[in-house]
Amino acid sequence: MKKRSFVATLALTTLLTACGKNDAPKPAAEAPAPAPVAAAVTKLVVGLDDNFPPMGFRDEKNEIVGFDIDMAREAAKRAGIEVEFKPIDWNAKEAELLGKRVDALWNGLTILEERKEKILFTDPYMVNKQIIIVKAGSPIKTKADMAGKIVGAQEGSSAVTAMEKDKELSSQFKETKLFGDNIAALMDVEAGRLDVVVVDEVVGRYLVSKKPDNYVVLAEDFGTEDYGVGFRKDDEATRNKINDVLSEMKKDGKAEEIAKKWFGADVIKH
């Protein structure tokens, strides 16, 4: 009896222990860690071509000045961000931006569909054309006259893209020469080493105005385009902040004021 009683007691104890384990409350699952909050942007490094007057260039004191410089400074001030201007090889601008060596491209940057694949743009703030400049007295009077001629443009510029789109005409050029900057290209036109330069209107007309007797701007052009500020695709927050202040600057007249300082007219796209 004792043995049977001991066995029964042991079985009951085991059963109760097992039931106790099954009924015990499970430990609460750990709450997921909160997503990291992106640090607020306090500085904007702007990449630019510092030989692109009047958008961005060096003055007689070797200081970087220009229309886009003034626009960027005002926008950064309103956004509460420090701004730094960093000259880059404009032909490598996308690599500089995506490699995070600069935070924005702000220097007469044309909004192109192919660029949108890698760059996040603000709304357009300015309209531009790709104009055609020849030496005074040149026999070239129309776009068609460019056939068989040596045509120049800045390497990596939207002027190159605009000419390439007109395959029928560009295929007839004797040669397409690419330059580090537009000033060098215009010097070659003046010296007779180049027949034509295709360049952004805002830059071309500014440079021609310095030597109005040396150059002629043709009536025809390679089309209009919009300028915007370019950011990395993953930097939407900074793009939105700059976009908002640019909109403010258009509405309150500050953008027009800066435009008139550099161009003598309101060239802002409202």
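The values are calculated or read from the model by the stated rules, or taken from the named source; none is laboratory data. Just so we're clear, the structure is a prediction, and the values are computed from it rather than from any experiment. Cβ coordinates were reconstructed from backbone atoms using ideal geometry, including for glycine residues, and neighbour counts include every protein chain displayed. We work out accessible area using only protein heavy atoms, side chains counted, and drop any ligands, DNA or RNA first. Shrake-Rupley method; radii C 1.70, N 1.55, O 1.52, S 1.80 Å.
The candidate values were (1) 0.94; (2) 1.03; (3) 1.43; the one computed from these coordinates for Rg/Rh (Cα atoms, Kirkwood Rh) carries the label (3).
Largest first, what is the accessible-area ranking of L105, L178 with a 1.4 Å probe?
Numbers: L105 0, L178 85 Å².
Correct descending sequence by accessible area is L178, L105.
Taking the DSSP bridge list for segment 78-230 and keeping only pairs wholly inside it, about 70 percent are antiparallel. Measuring only protein heavy atoms, the 1.4 Å probe finds R73 accessible over about 120 Å².
How much of the DSSP beta bridge set in the chain is antiparallel, as a percent to the nearest 5? Don't skip to the answer; put the middle values down first.
Details: 23 of 38 bridges.
Counting only bridges with both partners in the chain, antiparallel ones make up about 60 percent.
Over segment 191-270, consider all pairs of different Cα atoms and compute the Kirkwood hydrodynamic radius from their mean reciprocal separation; express it in Å, one decimal. Let's see the in-between values first.
Values: mean 1/r = 0.0641 Å⁻¹.
By the Kirkwood definition, the hydrodynamic radius is 15.6 Å.
With the cut-off at 28 Å, tell me which of the pairs K61/K241; K129/K261; K100/K210; K77/K210; K116/K250; K61/K261 have Cα atoms farther apart than that. Checking Cα-Cα distances, K61/K241; K100/K210; K77/K210 exceed 28 Å. Annotation for L178 and E82: the two label points, set 7 Å from Cα along the Cα-Cβ direction, are 3.6 nm apart.
So how strong a dipole does the chain carry about its Cα centre when Lys and Arg Cβ are +1 and Asp and Glu Cβ are -1, to the nearest 20 debye? Numbers along the way, then the final one.
Values: 41 positive and 46 negative charges, 355 e Å.
Here the size comes out at about 1700 debye.
On a per residue basis, segment 53-202 carries 44 Å² of accessible surface, using protein heavy atoms and a 1.4 Å probe.
Rank by packing, highest mean first: peptides 154-161, 82-89, with packing defined as the count of other Cβ atoms within 10 Å averaged across residues. Let's see the in-between values first.
Details: 154-161: 21.5, 82-89: 15.9.
Going by the mean number of other Cβ atoms within 10 Å, highest first, we get 154-161, 82-89.
Could you work out the local net charge near K177, counting Lys and Arg as +1, Asp and Glu as -1, over the other residues with Cβ closer than 9 Å to its Cβ?
Values: positive: R193; negative: E175, D188.
It works out to a net charge of -1.
Give, in whole angstrom and from largest to smallest, the semi-axes √(5λ) of the equivalent ellipsoid of segment 128-270, with λ running over the eigenvalues of the Cα gyration tensor.
Details: eigenvalues 202, 69, 31 Å².
Three semi-axes, in Å: 32, 19, 12.
Taking the 1.4 Å solvent-accessible surface of the chain as the whole, the part contributed by carbon and sulfur is 53%. Calculated from the alpha-carbon coordinates, segment 118-211 shows an Rg and a Dmax of 13.5, 43 Å respectively.
Based solely on its DSSP helices, what 222 nm [θ] is calculated for the chain when runs of n ≥ 4 H residues each add -39,500 (n - 2.57) and the sum is averaged over all residues, nearest 500 deg cm²/dmol? Could you put the intermediate results ahead of the total?
Details: 10 runs with 104 residues, N = 270.
Taking each H run of at least 4 residues, the total per residue is -11500 deg cm²/dmol.
Rounded to the nearest 10 degrees, the angle from helix 67-79 to the longest Cα principal axis of the chain is 30 degrees.
For every other residue with a beta carbon closer than 13 angstrom to the beta carbon of K118, add +1 if it is Lys or Arg and -1 if Asp or Glu, then tell me the sum.
On the way: positive: K93, R115, K116, R232, K233; negative: E94, E96, E113, E114, E117, D234, D235.
Here the charged neighbours net out to -2.
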